[in-house]
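S.K.: One structure is given below, represented as structure tokens, and several questions about it will come after.
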Amino acid sequence: MRAGFVERIRHGGVALSPGLAAAFASVPRELFVPDGFQRRDGTWAEPADPDFLELVYQDDVLVTKLDGRVPISSSSQPSLMALMIGALDVRPGQRILEIGAGTGYNAALLASLGASVISIDVQKDVADRARSALARAEIEGVRVEVGDGYEGFPGVRVDRVIVTVGVAGISPRWLDQLTHGGVIVAPVEHAGTHPVLRVTKDLDARVVSPSGFMTAAGPLTAARPFPPPVAPKALRALNPYRESRFDPPLAPLIYRDLWYAAGVWHRRATHAAVPRREQSCLMLLDDDGTGGAIILSDGSVLAGGAEAEAYAADADAIIDRWLDAGRPPMQAWRVGLGEGGDPYAPILLPRVWELG
């Protein structure tokens, strides 16, 4: 079953190193979700269920804790884990700081690559369960601590930092702890999503891949540069303003490239869920938070609210600008970071972008 799991991850377009493929094939993911997880249909999968192992070894996120209906802890999608671990460039003997313990499965993969891991989580029950799961799976070399991820783990130097929760920016505490040549891989908020950034100690920042993560609390999200994602009930009626421009529609990853560019060029870009439309849509949200314009993957534009015309024109201009730039993938952007957020606990936020 784990061999098939590795092939599913590869099928998603992820190139696995031999060591990482071996880690996914050897670490028993089911031991990290002993209390089950939420299925896609909202029901709860438990270890005794006939489909439990089949679901565990899909390339899918496993939500393990909710606050009401809001997911607050999970085991991330394995192909996304693989992309982030690949960007981290893990070497045997390195010390890695992980922000967000989750189930402990990601730390187990890192330890299987020969690294020693310090994993920090602000939720004590999550940290306790991760610690128990690691012991159950007989994974050595991982230390799980309860704490504020913003602070990292003071007094310890690390070679790598990996962040498994959505943040608005990079904590300078992580940079202080990073050794020369060290790397941070973190999902940093941009236009309602959390594209993964790879940041070096000298602040060279590049986009790795699209992603969506649960959002951190505290100073790591103290400065939100974009409007938060929009729920369907918050929107007024949206009417067609522009016809389709792409036939066939943009593939999901290419649509995310357009989405990323929209966030560079328009500070009201965010994520919207629109009834009877695509599950995730790029929206330019007006100041009222109830209207604006949506760009669909076929290039058509929906708009509504008092400034519908203006936002529809902005949407058209973004599509034109992206096409004129040669449809740049998000990985083509270099990101400049600058200090912001809480003045008593600052973070480094994306401030400027350039192609190339």
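The values are calculated or read from the model by the stated rules, or taken from the named source; none is laboratory data. Remember, it's a predicted structure, so these values are computed and weren't measured experimentally. So basically every Cβ, Gly included, is an ideal-geometry build from the backbone, and we count neighbours across all protein chains shown.
S.K.: Just one of SER26, SER75 is surrounded by 15 or more Cβ atoms within 10 Å (Cβ to Cβ) and either of a type in the set (Ser, Thr, Tyr) or not assigned by TED's automatic domain parsing to the domain that holds GLY147 (or both); which is it?
M.R.: Of SER26, SER75, the one residue that is surrounded by 15 or more Cβ atoms within 10 Å (Cβ to Cβ) and either of a type in the set (Ser, Thr, Tyr) or not assigned by TED's automatic domain parsing to the domain that holds GLY147 (or both) is SER75.
S.K.: Which one of LEU197, LEU220, LEU175 is touching a Phe, Trp or Tyr at 6+ places or on another chain (Cβ under 8 Å) and outside any loop (DSSP other than H, G, I, E, B)?
M.R.: Exactly one residue qualifies, and that residue is LEU220.
S.K.: Being on the phi < 0 side of the Ramachandran plot and not charged (D, E, K, R) is the filter here, so list the residues in the stretch 341-356 that pass it.
M.R.: Once the filter is applied, which keeps residues that are on the phi < 0 side of the Ramachandran plot and not charged (D, E, K, R), the stretch 341-356 yields PRO343, TYR344, ALA345, PRO346, ILE347, LEU348, LEU349, PRO350, VAL352, TRP353, LEU355.
S.K.: Can you run down the residue pairs with Cβ atoms below 6 Å, 6 or more apart or on separate chains, where the first is in the stretch 201-220 and surrounded by fewer than 20 Cβ atoms within 10 Å (Cβ to Cβ) and the partner is hydroxyl-bearing (Ser, Thr, Tyr) and at pLDDT below 90?
M.R.: THR215/THR221
S.K.: Here is a follow-up. Mind counting the residues in the stretch 303-321 that are under 21 Å from ASP257 (Cβ atoms) and either among the charged types (D, E, K, R) or not assigned by TED's automatic domain parsing to the domain that holds GLY291 (or both)?
M.R.: Within the stretch 303-321, residues that are under 21 Å from ASP257 (Cβ atoms) and either among the charged types (D, E, K, R) or not assigned by TED's automatic domain parsing to the domain that holds GLY291 (or both) number 4.
S.K.: Hey, which of the strands (runs of 3 or more DSSP E) in the stretch 266-356, taking only ones fully inside, have at least 2 residues that are of a type in the set (Gly, Ala, Ser)?
M.R.: 269-272, 292-295, 301-304, 333-342
S.K.: Related question: Can you pull out every residue in the stretch 214-257 that is more than 25 Å from the chain's Cα centre (by Cα) and basic (Lys, Arg)?
M.R.: ARG236, ARG242, ARG245
S.K.: For the stretch 338-356, how many residues meet the condition of being buried (at least 20 other Cβ atoms within 10 Å of the Cβ) and either modelled with pLDDT of 95 or more or among the acidic types (Asp, Glu) (or both)?
M.R.: Adding up the residues that qualify gives 4.
S.K.: I'm trying to understand the selection: among the residues of the stretch 69-99, which are assigned to a loop (DSSP other than H, G, I, E, B) and on the phi < 0 side of the Ramachandran plot?
M.R.: ARG69, SER76, GLN77, VAL90, ARG91, PRO92, GLN94
S.K.: Residues in the stretch 100-113: is at least one in contact with a Leu (Cβ under 6 Å, 6 or more places away or on another chain) and among the hydroxyl-bearing types (Ser, Thr, Tyr)?
M.R.: No, every residue in the stretch 100-113 fails to be in contact with a Leu (Cβ under 6 Å, 6 or more places away or on another chain) and among the hydroxyl-bearing types (Ser, Thr, Tyr).
S.K.: Another question about this same structure. Kindly indicate whether ASP298 is more than 24 Å from the chain's Cα centre (by Cα), within 19 Å of PHE226 (Cβ to Cβ) and surrounded by 15 or more Cβ atoms within 10 Å (Cβ to Cβ).
M.R.: It is false that ASP298 is more than 24 Å from the chain's Cα centre (by Cα), within 19 Å of PHE226 (Cβ to Cβ) and surrounded by 15 or more Cβ atoms within 10 Å (Cβ to Cβ).
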